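Trainee: Below is a structure I'd like to ask you about.
The values are calculated or read from the model by the stated rules, or taken from the named source; none is laboratory data. None of the values given here were measured: they were computed from a predicted structure. So basically every Cβ, Gly included, is an ideal-geometry build from the backbone, and we count neighbours across all protein chains shown. Just the protein is used for accessible areas: all its heavy atoms, side chains included, with ligands, DNA and RNA removed. Shrake-Rupley method; radii C 1.70, N 1.55, O 1.52, S 1.80 Å.
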Amino acid sequence: MKIQKATRFALYAVLELARDPERQFSAGEIAERFEISGHHLSKVLRTLGRAGLVEALRGAGGGYRFRGNRKRVTLLDVIQHFEPVASRDGAREPGSRTPEGRALGRVIDEIDDIARATLGSITLATMRKLIDQDRREAAARPAERRARASPVE
Amino acid sequence: MEHRNTEMPGVPFDIRPARAADLQTVVSLDEETTGIAKVAYWKDRLERYAGGQPDRYFLIAEKEGRPVGFIVGEVRAWEFGSPPSGWIFAINVNRGARQDGLGTQLFEAVCDRFRRSGVRQVRTMIAKEDKLVMSFFRSQGMMAGPFVELEKGLAP
């Protein structure tokens, strides 16, 4: 499964904002953190604002803040504002009305169901846990490499 | 064995093994979620899992002395080649007691017992539509494993 660039930027933005819902982040800060286009990210943030997932704060020191419950908002809740999620319009595919097309459609539907269930069950809070776990593992890796490079005699 | 809540001291609840007398509580908690009162089923589960049988665990969470949740699991071994692992097949927390860390404490309590039983893997199976419970298990760090559930309708 490949997600579009805007969707990826939206997920980065929401995950960054959900890191500390009390804090405001500017689009520039988020763009710099992920090395992505600030212009493109601003458009994405406007969509997230219309979806009620982030709040735009105006004035000096303004920026964006996460709105919602990190333990309830899922990846699917974010993605669906940017692209259809594993939704196959099977009736329009060539040959989809043949027995072969219908059988193939059932298999693809099964895969799509799993994709939707997965994205719909992973909350932002769970993602933050995975991110923290990755950070800890990445921090431990150099020490492991050093230990392997110079074994204790 | 009592499992006292030490990680979140602001949330006063305890976890203890279930007893036969918990039947009505368990039926009510389950009915609140599923809409079905399965008295015979839960009576059977309590008889099989709440009697201190080895590797079978039926735990009740109490908040201020009132049962507000439960979890049931057991150690299963060698199903389609799977080495012994912990299996959770029921969890329920009263609506009013959710988002308080109680489900996490129940999960950790049963995992502690699985560890003491010598297993190093815990598994479960959830309906794809049950987003709340699936999100909960995901939040505990559970991911898709090496097994896939398959089924087929059986014509009479």
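Trainee: Report ³J(HN,Hα) in whole Hz for each residue of the range B:18-23, in order, from the Karplus equation J = 6.51 cos²θ - 1.76 cosθ + 1.60 where θ = phi - 60°; Gly and Pro get x.
Mentor: 6, 10, 4, 5, 7, 3
Trainee: Also: Work through the residues other than B:PHE58 whose Cβ is under 11 Å from its Cβ and net out their charges, Lys, Arg +1 and Asp, Glu -1.
Mentor: Working: positive: B:ARG16, B:ARG19, B:ARG45, B:ARG48, B:ARG56, B:ARG113; negative: B:ASP22, B:GLU47, B:GLU74.
Within the 11 Å Cβ shell, the charges total +3.
Trainee: Moving to a separate point now. What trypsin sites (Lys or Arg not before Pro) in the range A:70-124 are in a loop by DSSP, with at most 16 other Cβ atoms within 10 Å of the Cβ?
Mentor: Values: sites: A:ARG70, A:LYS71, A:ARG72, A:ARG88, A:ARG92, A:ARG97, A:ARG102, A:ARG106, A:ARG116; in loops: A:ARG70, A:LYS71, A:ARG72, A:ARG88, A:ARG97.
Those that pass, being in a loop and sparsely packed, are A:LYS71, A:ARG72, A:ARG88, A:ARG97.
Trainee: What's log10 of I(q)/I(0) for the range A:1-140 at q = 0.10, 0.14, 0.20 Å⁻¹, Debye sum over Cα points only, no solvent?
Mentor: Those come out to -0.42, -0.72, -1.17, one per q.
Trainee: Moving on to the next point. Give the carbon-plus-sulfur fraction of the accessible surface of the protein assembly as shown in %, rounded to a whole number; probe 1.4 Å, heavy atoms of protein chains only.
Mentor: Numbers: 9860 of 18890 Å².
That fraction is 52 percent.
Trainee: A further question on this structure: With a cut-off of at most 12 other beta carbons within 10 Å, and DSSP calling the residue loop, which trypsin sites (Lys or Arg not before Pro) in the range B:93-156 qualify? Please list them. List each step's numbers first, then the result.
Mentor: Values: sites: B:ARG95, B:ARG98, B:ARG113, B:ARG115, B:ARG116, B:ARG120, B:ARG123, B:LYS128, B:LYS131, B:ARG138, B:LYS152; in loops: B:ARG98, B:ARG120, B:LYS128, B:LYS152.
Answer in residue order: B:ARG120, B:LYS152.
Trainee: In square nanometres and to one decimal, what's the mean projected area of the convex hull around the Cα atoms of chain B?
Mentor: 10.5 nm²
Trainee: Just want the answer: with Cβ charges of +1 for Lys and Arg and -1 for Asp and Glu, which residue in A:ILE79, A:GLN133, A:GLY28 is farthest toward the dipole's positive end in chain A?
Mentor: A:GLY28
Trainee: With a sphere of radius 14 Å drawn around the Cβ of B:PRO84, what net charge do the other residues whose Cβ falls strictly inside it have (Lys, Arg +1; Asp, Glu -1)? Write down the numbers at each step before the final one.
Mentor: Details: positive: B:ARG56, B:ARG76, B:ARG113, B:ARG115, B:ARG116, B:ARG120, B:ARG123; negative: B:ASP55, B:GLU74, B:GLU79.
That works out to +4.
Trainee: Okay, moving on. What FRET efficiency comes out for B:ARG116 versus B:GLU149 if R0 is 25 angstrom and r is the Cβ-Cβ distance? Round to the nearest 0.05. Provide the component values of the computation, followed by the final result.
Mentor: Details: r = 28 Å, r/R0 = 1.11.
Here the calculated transfer efficiency is 0.35.
Trainee: Please compute the Kirkwood hydrodynamic radius of the protein assembly as shown from all pairs of different C-alpha atoms, in Å with one decimal.
Mentor: Working: mean 1/r = 0.0438 Å⁻¹.
Hydrodynamic radius (Kirkwood, Cα pairs) of the protein assembly as shown is 22.8 Å.
Trainee: Using θ = phi - 60° and the Karplus form 6.51 cos²θ - 1.76 cosθ + 1.60, what ³J(HN,Hα) does each residue of the range A:8-23 get, whole Hz, x for Gly and Pro?
Mentor: Using θ = phi - 60°, the values come out as 4, 4, 4, 5, 4, 4, 5, 5, 5, 5, 6, 4, 8, x, 7, 8 Hz.
Trainee: Would you mind calculating the gained length between A:ASP20 and A:ARG50 on full extension (0.36 nm times residue separation, minus the Cα-Cα distance), in nm to one decimal? Mind dumping the intermediate values first?
Mentor: Values: separation 30, 0.36 × 30 = 10.80 nm, distance 2.05 nm.
Taking A:ASP20 through A:ARG50 to full extension adds about 8.8 nm, to one decimal.
Trainee: Over the range B:64-126, what number does the Rg to Rh ratio reach, with both radii from the alpha-carbon atoms and Rh per Kirkwood?
Mentor: Working: Rg = 13.2 Å, Rh = 12.6 Å.
So for the range B:64-126, dividing Rg by the Kirkwood Rh gives 1.04.
Trainee: B:ASN94: net charge of surrounding residues, Cβ under 14 Å, Lys/Arg +1, Asp/Glu -1, itself excluded?
Mentor: For residues surrounding B:ASN94, the net value is -3.
Trainee: Can you pick out the pairs among A:LYS5/A:LYS71; B:LYS131/B:LYS152; A:LYS43/B:LYS128; A:LYS129/B:LYS43; A:LYS71/B:LYS43 whose Cα atoms lie more than 29 Å from each other?
Mentor: On the way: A:LYS5/A:LYS71 25 Å; B:LYS131/B:LYS152 23 Å; A:LYS43/B:LYS128 33 Å; A:LYS129/B:LYS43 38 Å; A:LYS71/B:LYS43 33 Å.
From A:LYS5/A:LYS71; B:LYS131/B:LYS152; A:LYS43/B:LYS128; A:LYS129/B:LYS43; A:LYS71/B:LYS43, over 29 Å: A:LYS43/B:LYS128; A:LYS129/B:LYS43; A:LYS71/B:LYS43.
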